[in-house]
Structures are given as C-alpha cells and as structure tokens.
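Read-outs: derived from the displayed coordinates by stated rules, not from any lab. Predicted model only: the values in this text are computed from it and were never measured.
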Amino acid sequence: MRRPIVLDTRPNACFGCGPDNPAGLGLSFHETDDGAETDVVVPAHLGGAPGVVHGGIQATLLDEVMCVTAYAKAGTRVVTGELTVRYLLPAPTGRKLCVRGRIAGRKGRSLLIEGAIEDAATGELLARAHGRFFPNLAQPAANDGVAASASRDAVRGASGGSACTRRVASED
C-alpha cells in the first residue's frame, strides 16, 4: 500500500513540509504498510561538503518523515523529544533519495520511531535514525485522529510507484 498523506493544517510554514514556506523543502509524504515515506532530490545549495547533503538537512528529512509516520500510523501530531542520527555514507545532492519511517514501539505517552535515508536508485542505506516523539499538546490528538482518518479515507485507493524499496534498518 502506498497512498498520499494529506496534512490539513493551514497555514503551514514548516521548513520541511509546509506549502506556505517558499524557502522550505516542500516535502510530500505517502503512507505505506510500515509507516511513511518521501522521495526527495536535495539541491546542491543545501550541501555541506561538495556534492553531499548537509548533515543538518539529513536530520531534518528524518525528523519530518518520523513525525509524519506518527500522524499516519498513530493518528496524532507529535513533537520531537530526542533524535539520534547515524550517518553511514555520504548522501548525494542532486540524486533521488528515499526517506522513510516506521513506529518501533511505545514508551509511556511517547512513540519510538525509526527512520532511514536510502539512495533511491540503488537502495543503499545512507543514514539511519531513531527517536522519541511526544504528543503535541498544542494541537489536541482527538482532532488529529479525525483528520488523519478523514485524510486516509479521502485518498483510499490512491497509489503511486515509489523508488523506495527497502525497509527501515534497525539500530545495531
């Protein structure tokens, strides 16, 4: 299963996913059986070393997909409490990357979520992350559960191909 996730908060000036932020990444997401994913080509001006996506941008990509995973799979908006990124190989700018997340468990009120960045063409694992995410008390979960269900219902049956082909790797 792969269907679009509709983020229904407007205005949305989020750097990662906000359509109302002209300087942002403009990410869009798809729900999968395991979690959520996005395909992205990071432009060279967001690089660190020549030809390599800046580590802070990679962390942002992982944080975004992990938060959206909570929205898609648990029906709640979350804030990041903790995020650990392990950079394995250089993530190239100008190439399609697949960024995905999946819920690994729960701890109290929080969700434990894993994420990964892969080269979309080769499936090679470039970075992985794990984090702890807490309900966003500024945006009540009851509304989000309805919004997430309505969004899923609105796109039921919609699907699209993905360059993402591997599952999120677990932390060693």
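May I ask you to compute the full-extension gain from D33 to E82, defined as 0.36 nm times their residue separation minus their alpha-carbon distance, rounded to one decimal in nm?
Extending this stretch completely gives an extra 15.2 nm.
Per residue and in Å³, how big is the convex hull formed by the alpha-carbon atoms of region 2-154?
Once divided by residue count, the hull of region 2-154 is 106 Å³.
Based on the alpha-carbon gyration tensor of region 68-142 and its eigenvalue square roots a ≥ b ≥ c, which shape applies: rounded if a/c is under 1.5, prolate if not and a/b is larger than b/c, or oblate?
Because a/c hits 1.5 or more and a/b exceeds b/c, region 68-142 counts as prolate.
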